[in-house]
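The structure appears right after this line, and notes come after that.
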Ligand SMILES: [Zn+2]
């Protein structure tokens, strides 16, 4: 416990129950009032400068709630979930009251060792406290774009701009009227690193493309993207076999016209090999096959054959049949990647590959996978965007290529 926290110097409004601070950092507490107090103070003590607290209390309803999808143009606010005690996305109502931690004087707020623009909104839910970072759209993108495309050369700026527009479009598409936040800060949506992730080049790309999004029939689209297509992007159903195809997500060749080269061939994972010996193959099958097929969790038996079952339009493996002593099991689309993992547990780079297997004594004794590309292959190929930028294409051309049939325009202000 302390009596001299530095924020005492700030102009700060306290509710009575917040007068006796306790220094804690743990998330979650048995009662919501106690939990709110603790979590608020943990955040405040990490703040870079002055912080104002707005604590409306149960039912007061004076915390602004963002409403409406993409109505506000450049002033659009997004809400990013940083932490939640709930196992699944909570869908809470604000009637229990929220606490807003709002930095003053252009400073930032810190949470869990990271620094964020905007403000933190802490909401009690049935299963714990939800911590949300609420901030303007482009401030959010500043913490996303550099993590998605890395440090690029000046000649590759168009790829960074394309990434900024793709990330912005994704965010607009995921604004929600009904949920208590719009996106997670992780790969579940887009990886968001807050202020520490920001880079001058990506900041410039975000400014250059202010309000620009990818539109189909006048609406922002879902903009999946991936590291390296390996030669051609994929339609949705080639990989995510249980999801509907979209007219703007279909195979696009990344071959450089008039050559046998590809825009994404500078990628370190343009081509790759992954190999298993017999025991290694059996180990991954025993560990993962039951998660995606009807295979038993134990006693799979010897693996007698692994065989591809057809190719998709872009040349990816459509399905893979694994023959074992206990039966024959078929993996489809992206599920293949989640079974054929490497010894560290990393999923297979892509489904664009060919197999060569050898058998000994009625059992697969080695399996070699020669593949191309990294990622699901749907939508924009990030290394292809880099290659196209080097070749002089602008970000509009890059995006209209990878999302065919779309237009690049400004969100309605
Ligand atoms: Zn590519």
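Taking 0.36 nm per residue of sequence separation and removing the Cα-Cα distance, the residue 308/residue 178 pair yields an extension gain of 42.5 nm.
Full extension of the segment from residue 147 to residue 394, taken as 0.36 nm per residue of separation minus the current Cα-Cα distance, would add 86.8 nm.
In this label model, residue 356 and residue 187 are separated by 3.0 nm, measuring between points 7 Å along each Cα→Cβ vector.
Under the criterion of Cα pairs below 8 Å and six or more residues apart, the relative contact order for region 225-378 equals 32 percent. Measuring between their Cα centroids, region 158-192 and region 330-401 lie 24 Å from each other. Compared with the direct C-alpha span, the chain from residue 275 to residue 102 gains 57.1 nm at full extension, assuming 0.36 nm per residue.
Here the simple spin-label model places points 7 Å from the Cα toward Cβ, and for residue 283 and residue 330 these points are separated by 3.0 nm. Using the Cβ-Cβ distance between residue 323 and residue 243 with R0 = 25 Å, the FRET efficiency computed as 1/(1 + (r/R0)^6) comes to roughly 0.35. Among 342-351, 212-221, 229-238, the peptide with the highest mean count of other Cβ atoms within 10 Å heads the list, and the full ranking is 229-238, 212-221, 342-351.
Across region 225-378, Cα-Cα distances exceeding 24 Å account for 33% of all pairs.
Taking label points 7 Å from Cα along the Cα-to-Cβ direction, residue 255 and residue 155 give a separation of 2.5 nm. Calculated translational diffusion coefficient of region 315-413 (10 °C, 1.306 mPa s; Stokes-Einstein with Kirkwood radius over alpha-carbon pairs) equals 96 µm²/s.
FYI, it's all coordinate maths here, none of it is from the lab. The structure presented is a predicted model; accordingly, all values stated were derived computationally and were not measured. Every residue, glycine among them, receives a Cβ derived from its backbone with ideal geometry; neighbour counts consider all protein chains shown.
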